[in-house]
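Right, one structure below, let's go through it.
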Amino acid sequence: MSIKTISPKQLHDLVQSGQNVELIDVRTPVEYREVHVDIARNVPLDQLDAAKIAVGRDSSEQPLYVICRSGSRGNQACERFLATGYTNVVNVEGGTQAWDQAGLPVARGKKTISLERQVRIAAGALVLIGSLLGFFAHPYWIGLSAFVGAGLVFAGITDTCGMGLLLARMPWNQVPKTPPGTSTSKTEPCPPASKASCCN
């Protein structure tokens, strides 16, 4: 089954019309903190339990909308929902990047490096290290560069990036928990159990 999509403008128009829209943002907490659609709640892809979220939802009800940075992780999240049998899920075309570029309202916070850029930095660094060690230390180190290259090819074919999922769990991609009784800012991630409107 093909994944349904919606443009940022179309989704914004639904929100403006007063329709009840549930939107989950599957980026890392720090990416979410930097900039997010104000009605979105943060459920990082590496923590997404599609079956749990789908429980109690009727496919005939309002769709569940998914957004990420540029659409790729949103697509992966939609595939997880489809695998559970929940079909009324819609990916936002172009993600938060396209939403922001369209001039639609967002909440902004602390700047960060996107997960996609982190993957490029890490992959490039590993290829460079493997090449240098292969030249100066032992030819076997060239295998590191080959391994990374094979991983990137696999990621391109399957649209699943193991390095990205690993980096998403790193401490610098997490947001410190707010102590109980402390007020949270608009740009802090909503807890998973919160309703979609918690960041309004």
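Computed from the coordinates by the stated procedures, all read-outs in this text should not be read as laboratory data. It should be emphasised that the depicted structure is a prediction, and the values quoted were computed from it without experimental measurement. Cβ placement follows ideal geometry from the backbone for every residue including glycine, while neighbour counts extend to all protein chains displayed.
Things worth noting here:
- Options Val15, Val21, Val92; residue that is under 21 Å from Leu115 (Cβ atoms) and surrounded by 16 or more Cβ atoms within 10 Å (Cβ to Cβ): Val92
- Residue list for the stretch 50-71, restricted to those being in a helix (DSSP H, G or I) and crowded, with 17+ Cβ neighbours inside 10 Å: Ala50, Ile53, Ala54
- Residue match in the stretch 12-32 (condition: of a type in the set (Phe, Trp, Tyr) and within 12 Å of the chain's Cα centre (by Cα)): yes
- Residue in the stretch 75-85 that is in a loop (DSSP other than H, G, I, E, B) and either out of contact with any Phe, Trp or Tyr (no Cβ under 6 Å at 6 or more places or on another chain) or farther than 13 Å from Leu11 by Cβ (or both) present: yes
- Pairs with Cβ under 8 Å, 6+ apart, first in the stretch 156-179 and surrounded by 14 or more Cβ atoms within 10 Å (Cβ to Cβ), second in a loop (DSSP other than H, G, I, E, B): Ala168/Thr28; Ala168/Pro44; Asn173/Thr28; Gln174/Thr28; Val175/Glu188; Val175/Pro189
- The number of residues in the stretch 25-38 being buried (at least 23 other Cβ atoms within 10 Å of the Cβ), in contact (Cβ under 8 Å) with a residue 60 or more places away in the chain and not in a helix (DSSP H, G or I) comes to 5.
- Of all residues in the stretch 121-146, those that are part of a helix (DSSP H, G or I) have Cβ atoms under 9 Å from Cβ atoms of residues that are surrounded by 16 or more Cβ atoms within 10 Å (Cβ to Cβ) and of a type in the set (Ser, Thr, Tyr), 6 or more apart or on another chain, in Leu126/Ser145; Val127/Ser145; Leu128/Ser145; Ile129/Ser145; Gly130/Ser145; Ser131/Ser145; Gly134/Ser145.
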